[in-house]
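See below for the structure under consideration.
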Amino acid sequence: MERERTIAKTVSVSGIGLHSGANARLTLKPAPPGSGIVFFRSDRAPALPIPARIDFVSDDRFATTLCRDGVEVATVEHFLAAVYGLEVDNLEAWIEGPEIPAGDGSARLFVELLTEAGVELQGQPRPVFSVPRPLEAVNHEARIIACPEAGANLFLEFKIAYPHLQISEQTFQIKLSPGDFRREIASARTYGFLENLAGLEAEGKGKGGSLANAILISNGKIINPEGLRFPEELVRHKILDLIGDLALLGRRISGRVAAQYSGHFLNHQLVREMSKIMKP
Ligand SMILES: [Zn+2]
């Protein structure tokens, strides 16, 4: 059995949040075995622990927001994807503001931060949730299903298409490992459609968004002058989001997860189904 891991030292980074536009400093600290990933708002006293667990999700419309006793930490999914992708089980994430920094809109900032911190093996065996039978969440055309799979790995596959916005089908699949996460997934950026920006603004979201931290698409064309990092960067980012949402189970997952047109809402539904049958 594999052992749990934490980070070897305390590290920090600052940046603005994608939705709030607020600047915040994120500090990661090592944590004891069995403690999981726990957020703290260092600008609040006392700083209550907000576990990165599905039970603390308060909003899933544009990003994943966690909340405890009215205190929120927003847009946690890219950070949690990096933590899961690099196989860190236990750490404290202290955030001096309402939202995790956006970085360049991918998980690159967090991969660099975790790499700087280094990973340290701990004494305790790492518990794994092996998907025991098909589990599914469906909403019209959108669907996500988890199935058993031999071996201790997590296999992910995703399909998207936005025909009305002139983006044709993209698919991607991956057997997750830290190396493949770094190479294939971590640098895929979040994206938005110019046609949808008014709706985002009306909700008071996207205030920190720019071409420096998101791909912007209009009429099927990429606005960013540098273009895409991968031909199918959009669906790779959907896998990044999915990893961040699956991390909310609070346990390594062994199985196959296949999604089409899914988003945070359905991803969380699937994690709730897993959580219901997970042994403590
Ligand atoms: Zn995302």
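The values are calculated or read from the model by the stated rules, or taken from the named source; none is laboratory data. Owing to the predicted nature of the structure, the values given are computational and were not obtained by experimental measurement. Positions of Cβ are backbone-derived with ideal geometry, glycine not excepted, and every protein chain shown enters the neighbour counts. With ligands, DNA and RNA removed, areas are computed over all heavy atoms of the protein, side chains included. Shrake-Rupley method; radii C 1.70, N 1.55, O 1.52, S 1.80 Å.
Is it the case, given these coordinates, that Glu120 is open to solvent by 40 Å² or more (accessible area, probe 1.4 Å) and either assigned to a helix (DSSP H, G or I) or in contact with a Leu (Cβ under 8 Å, 6 or more places away or on another chain) (or both)? It is false that Glu120 is open to solvent by 40 Å² or more (accessible area, probe 1.4 Å) and either assigned to a helix (DSSP H, G or I) or in contact with a Leu (Cβ under 8 Å, 6 or more places away or on another chain) (or both). For region 51-70, filtered to residues that are more than 16 Å from the ligand (Cβ to nearest atom) and not basic (Lys, Arg), the residue that is surrounded by the most Cβ atoms within 10 Å (Cβ to Cβ) is Ile54. Selection over region 71-125 of residues that are of a type in the set (D, E, K, R) and within 15 Å of the ligand (Cβ to nearest atom) gives a count of 4.
Scanning region 81-99 for residues that are in contact with an Asp or Glu (Cβ under 8 Å, 6 or more places away or on another chain) and over 15 Å from Ala24 (Cα atoms) yields Ala81, Asp89, Asn90.
Of the residues making up region 208-228, those that are buried (at least 16 other Cβ atoms within 10 Å of the Cβ) and touching a residue at least 60 places away in the same chain (Cβ under 8 Å) are Gly208, Gly209, Asn213, Ala214, Ile215. If I ask for residues that are loosely packed, with under 14 Cβ neighbours inside 10 Å and either within 16 Å of the ligand (Cβ to nearest atom) or part of a loop (DSSP other than H, G, I, E, B) (or both), which ones from region 133-153 would you list? Correct list: Arg133, Pro134, His140, Glu141, Pro148, Ala150, Gly151.
Given the criteria in a strand (DSSP E or B), of a type in the set (D, E, K, R), under 23 Å from Ser254 (Cβ atoms) and open to solvent by 20 Å² or more (accessible area, probe 1.4 Å), does Arg25 qualify? When the stated conditions are applied, Arg25 does not pass them. Of all residues in region 171-201, those satisfying the criterion of being under 17 Å from Ser262 (Cβ atoms) and open to solvent by 30 Å² or more (accessible area, probe 1.4 Å) are Thr171, Phe172, Gln173, Tyr191.
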